[in-house]
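Just so it is clear, none of the values below were taken in a lab; they were calculated from the coordinates. Here the structure is a predicted model, which means the values were calculated and not measured. Cβ coordinates were reconstructed from backbone atoms using ideal geometry, including for glycine residues, and neighbour counts include every protein chain displayed.
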Amino acid sequence: MINKHGIYLLILILLAATVYKNRYYLFVKLDPQKYEDKYATSQYVLGDASNYWISDSDLYVYAGYAYWLGEDPTTINFEHPPVAKYLYGAFFHILGNPYWGSVFIYLLVLILINLITKELLFSSTYRALTILLTGTLSLLQVHNIFSYIRFGRSC
């Protein structure tokens, strides 16, 4: 039988393992000017004349950072809702790295799974197993190192 503290310890271990696994992405201060330059020369601005194609992840990072600084959300990547981009922009502005936003969402997912299983499962062992299996899903692990809107919207 696992008690309440054991469940929270499991969540912290999963979170620490994720941070450690992605340390090369998370503990680097990124340059917002680089993302602005990428966007300015990308297919979104120059169309087919562009020699450079910006990735979705880089586009969301730049859009979130620009939104955080007051840019109108209808001018940059308006195809997706801006909530997750605002989150990435906030982490980019505050910590210098937007990928912490994905770690934050990952933590929220684990806490949400804990709350849902607390209501549905009466055994704390099954709750811990559910959190462990969800926390180690490769889908969450892969999306945790990139700022994908799909990860932010799936929560």
Gaussian network model of the chain, Cα within-10 Å springs - most flexible of Asp31, Asp58, Asp48: Asp48
As a check on your grasp of the helix formula, calculate [θ] at 222 nm for the chain: sum -39500 (n - 2.57) over DSSP H runs of n ≥ 4, divide by the residue count, round to the nearest 500. -20500 deg cm²/dmol
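Can you check how the C-alpha radius of gyration of the chain compares to 2.2 N^0.38 Å, as a plain ratio? Each step should come with its number before you reach the end.
On the way: Rg = 17.9 Å, N = 155, 2.2 N^0.38 = 15.0 Å.
My calculation over the Cα atoms of the chain gives 1.20.
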Which residues in segment 96-120 place their backbone N less than 12 Å from a point set 7 Å from the Cα of Tyr126 along the Cα-to-Cβ direction? 117-120
Sequence-distant residues sharing a close amide H with His80 (under 5 Å, placed H): none
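What is the magnitude of the charge dipole of the chain about its Cα centre, with +1 placed on the Cβ of each Lys and Arg, -1 on the Cβ of each Asp and Glu, and no other charges, expressed in debye to the nearest 20? Display every interim value, and only then the final one.
Working: 11 positive and 10 negative charges, 166 e Å.
Value, rounded to 20: 800 debye.
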Among Ile13, Ala40, Leu26, which residue has its Cα positioned farthest towards the positive end of the charge dipole of segment 1-152, with +1 placed on the Cβ of Lys and Arg, -1 on the Cβ of Asp and Glu, and the dipole taken about the Cα centre? Ile13
Phi-derived 3J(HN,Hα) across segment 108-115 with the Karplus relation (6.51, -1.76, 1.60, θ = phi - 60°), rounded Hz, x for Gly and Pro, is 4, 4, 5, 5, 5, 4, 4, 5
By a straight-distance test (C-alpha under 25 Å), which lysines pair with Lys85 as possible cross-link partners, with residues fewer than eight away in the same chain excluded? Lys21, Lys29, Lys34, Lys38
Hits among lysines - C-alpha to C-alpha of Lys118 under 22 Å, sequence gap 8 or more where chains match: Lys4
Gained length - Gln43 relative to Leu108, 0.36 nm times residue gap less alpha-carbon distance: 20.0 nm
Can you run phi through the Karplus equation (6.51, -1.76, 1.60; θ = phi - 60°) for segment 122-129 and list ³J(HN,Hα) in whole Hz, with x for Gly and Pro? 8, 9, 5, 5, 5, 4, 5, 5
Which loop GluC sites (Glu not before Pro) in segment 66-132, with loop taken from DSSP, have no more than 13 other Cβ atoms within 10 angstrom of their Cβ? Glu79
